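The structure appears right after this line, and notes come after that.
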Amino acid sequence: MAIAHLPADTGVDAVVAALGADGAVVVDDVASPALLDAVETELRPFLEATPTGPDDFSGALTRRTGALIARSPSSRELVMHPLALRTAQAFLGHATNIQLHLTQAIAIGPGESAQPIHRDQWAFDFFPFPRGYEVQCNTMWALTDFTEENGATRVVRGSNHAEDKLRFGDDDTEPALMARGSVLIYSGSVYHGGGANRSSATRIGLNLTYNVAWLRQEENQYLSVPRDVAVTLTTELLRLMGYARGAYALGYIDDLRDPIEAVRPGAGSLGFAVADPAGSGAAG
């Protein structure tokens, strides 16, 4: 069976249900063409300057450009998109707080081979999380159409329920076919990989992912986003980036201060407390 598709006006509960069942779902036509055009314009010089990957996993003909919050102001709208963010909060609601895990534009060039099938949660030192305990909620926004020919992400549908460290081949996968502006939402536990690009054009997706805030981020947001940029961002985005306590006693600075104080003096509180998982900026 193909990966499920839902309309843009779908509620969060339906998206979370699809994620729980299959590990992946496409929501069609979510981002406007104007927003995507702006993101593409802002990222073009950085994509062109990014070297291709050094190995089969990262892709010898694939460019992976990070630090999107700093480099593409328009991409912040996708990072904070209500459907994506609320889905991540609900899907990872068993944790006290969530955070931004990774921002990356993935440009798969013509002639690229298929990426090995993997689980994204293996980034956490291959720790064997209990089956059913989710630690990541990922999005892949289509900046170009995703087709089987140009390297659409391939998913082993339902493998979020499978054992860890399994091996799958291309025949076990389904391509996440979607039009520009659509978004693939998938769990950190589902087996997947970038497809082979047999076309003459580059396939570009924006990989914006979230994880439970008691785990380390894959992309270090504090260093990827310079302080002179960070101070211009909203408190909500800063908290999502990690300027928030990860749990009751995780992530405070010096004398039990709220991390938001580092860039937004007066916005936080003292003592052991928990930042608002919804990113409202409140800290109790």
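Using the alpha-carbon positions of the range 161-204, Rg (one decimal) and Dmax (whole number) come out as 12.7, 37 Å. Remark: the chain carries 42 Å² of accessible area per residue (probe radius 1.4 Å; ligands, DNA and RNA excluded).
Globularity index of the chain is 0.97 (Cα radius of gyration / 2.2 N^0.38 Å, N = number of residues).
A simple rule links phi to the HN-Hα coupling: the Karplus curve 6.51 cos²θ - 1.76 cosθ + 1.60 with θ = phi - 60°, which for the range 156-167 gives 8, 4, x, 6, 5, 9, 8, 5, 7, 6, 7, 10 Hz, with x for Gly and Pro.
Please work out the Cα center distance from the range 70-105 to the range 237-254, rounded to the nearest Å. Answer, in whole Å: 15.
In order along the range 46-56, the phi-based Karplus estimate (6.51 cos²θ - 1.76 cosθ + 1.60, θ = phi - 60°) of 3J(HN,Hα) comes to 6, 4, 5, 8, 7, x, 6, x, x, 8, 5 Hz; Gly and Pro are listed as x. Projected over all directions and averaged, the alpha-carbon convex hull of the range 1-136 occupies 9.9 nm². Give me Rg/Rg_expected for the range 36-88, where Rg uses Cα atoms only and Rg_expected = 2.2 N^0.38 Å with N residues. Dividing the Cα Rg of the range 36-88 by 2.2 N^0.38 Å gives 1.33. Taking every pair of Cα atoms in the range 89-159, average 1/r, invert it to obtain the Kirkwood radius, and report Rg/Rh to two decimals. We get a ratio of 0.99 for the range 89-159. Taking the Cα centre of the chain as reference, the dipole from Cβ charges on Lys and Arg (+1) and Asp and Glu (-1) amounts to some 420 debye.
Relative to one another, the C-alpha centroids of the range 1-34 and the range 109-134 are positioned 21 Å apart.
Under the Kirkwood approximation for Rh and a Cα-based Rg, what ratio Rg/Rh is obtained for the range 128-277? Ratio of gyration radius to Kirkwood radius: 1.07. Accessible surface of the chain, 1.4 Å probe: 56 percent of it comes from carbon and sulfur atoms.
Our analysis of the range 180-220 gives Rg over Rh at 1.02, with the two radii drawn from alpha carbon positions and Rh computed by the Kirkwood formula.
Close amide-amide hydrogen proximity is noted between Gly158 and Gly23, Ala24, each under 5 Å apart and 5 or more residues distant or on a separate chain (H modeled in the peptide plane; Pro and chain starts excluded). Modelled spin labels at Tyr133 and His5, positioned 7 Å past Cα toward Cβ, are 3.7 nm from each other. Distances between placed amide hydrogens fall under 5 Å for Thr153 paired with Ala176, Gly195, all partners being 5 or more residues away or on another chain. Among the protein heavy atoms, those of Thr173 account for about 10 Å² of accessible surface (1.4 Å probe, every chain in place).
About the centre of its Cα atoms, the range 71-133 shows a dipole size close to 160 debye [charges on the beta carbon of Lys, Arg (+1) and Asp, Glu (-1) only; nearest 20 debye]. Annotation: amide H of His101 within the under-5 Å range of Thr209, Tyr210, Asn211, sequence separation 5 or more or interchain, hydrogens built in the peptide plane.
The values are calculated or read from the model by the stated rules, or taken from the named source; none is laboratory data. Please read all numbers here as calculations on a predicted model, not as lab measurements. Positions of Cβ are generated from backbone atoms using ideal geometry, with glycine treated the same way; all protein chains shown enter the neighbour counts. Surface areas here come from the heavy atoms of the whole protein model, side chains and all, with no ligands, DNA or RNA. Shrake-Rupley method; radii C 1.70, N 1.55, O 1.52, S 1.80 Å.
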